[in-house]
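For reference, the structure discussed in these notes is given below.
The values are calculated or read from the model by the stated rules, or taken from the named source; none is laboratory data. Only a predicted model underlies this, so the values are computations on that prediction, with no experimental measurement involved. FYI the Cβ positions are ideal-geometry reconstructions off the backbone, even for glycines, and counts take in every protein chain you see. For the accessible areas, the whole protein counts, side chains as well, though only heavy atoms, and no ligand, DNA or RNA atoms are used. Shrake-Rupley method; radii C 1.70, N 1.55, O 1.52, S 1.80 Å.
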Amino acid sequence: MTAAGTQTKGAVPDIYDTLAPHYREYARSKQAYITAVDRFILQHAPGSVEAVLDVGAGDGVRGVDLARGLRAKRLVLCEPSREMAAQCRKLAPEAVWELPAEALPDSDLRFDVILCLWNVLGHLAGPSQRVAALKAMKRLLAPTGAVFLDVNNRHNAAAYGRLKVLARRCADFLFPDYRRGDTEYEWKIGRLSLPAMGHLFTPTEIEGMIAESGLRVVRRLAVDYATGEYSASPYRGQLLYRATH
């Protein structure tokens, strides 16, 4: 199939539909982090960008801004939430694929930049779905293109403290079990509190999944979630990757 048009597939988790009216406010509260990630993408994207795909696009605003910054001629937004996808359509990209990341369609379009940002992989159901999503991104990636993704870091000492992370690293090394990364939390938006679930990755876990998909990590940074500060240490922030064929 071509990239043009809109794809739909089944129902999506209700929590993201509930979050949709508040998503822009929540994103603004994390602006230092988002700005730092976006700056990295703009600085390390391929030299010429024709087409951009944003997987897990939320309300689409960020994908539109990045595509504009990259001077891309084509933008496709992929977002499984019905309400979020409706907001994406208001921005008039070339297409909105109302699909989960692991169900990216076959397309004759290849993308120079694929975005998978703000722990989108951590909101998929499990390892097989995450690897399937990465494999689908690789399939849609142009030969000289790049995938940019960031995930929440279970070994983030800047957020959780050195002693707690040291204990986690020991447990994860001696008794590896990805389910330790599954967590419940709340989105705090003004006076609103929304329950949510997600996954915290270890560097070894996410890099193993990237390798299993056939992608290759060419750059890794940690980004402080509060300040946006970059670090080369994988224990000083959330994990940000540039991956290629």
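Report the dimensions of the stretch 11-138 along its three principal axes from the alpha-carbon atoms, largest first, rounded to Å.
Principal-axis extents of the Cα atoms in the stretch 11-138, largest first: 39, 33, 27 Å.
Among the listed pairs 138/188; 164/188; 135/188; 90/188, give every one whose C-alpha distance is greater than 30 Å.
138/188; 135/188
How big is the C-alpha Rg of the stretch 38-112 next to the rule-of-thumb value 2.2 N^0.38 Å, as a ratio?
1.04
Please report, in Å, the Rg and the Dmax of the stretch 88-232, where both are computed over Cα atoms only.
16.7, 50
If r is the Cβ-Cβ distance from residue 163 to residue 108 and R0 is 41 Å, what FRET efficiency results, to the nearest 0.05?
So the FRET efficiency works out to roughly 0.20.
Stick to the Cα atoms of the chain, pair each with every other, and give me the Kirkwood hydrodynamic radius in Å at one decimal.
With all distinct Cα pairs of the chain included, I get 18.1 Å.
Using a probe radius of 1.4 Å on heavy atoms only, what accessible surface per residue do you get for the chain? Whole Å² is fine.
The answer is 47 Å² per residue.
So which residue, out of 196, 51, 132, gets the largest mean-square fluctuation from a GNM of the chain using Cα contacts under 10 Å as springs?
Ranking 196, 51, 132 by mean-square fluctuation puts 196 first.
Any idea what angle helix 31-44 forms with the longest principal axis of the chain, computed on alpha-carbon atoms, 0 to 90 degrees, nearest 10?
Approximately 60 degrees, to the nearest ten.
Between 174, 124, 77, find the one with the highest GNM mean-square fluctuation for the chain; connect C-alpha pairs within less than 10 Å.
Looking only at 174, 124, 77, the largest GNM fluctuation is found for 174.
Rounded to the nearest percent, how much of the accessible area of the chain (1.4 Å probe, protein heavy atoms only) is carbon and sulfur?
Of the solvent-accessible surface of the chain, carbon and sulfur hold 52 percent.
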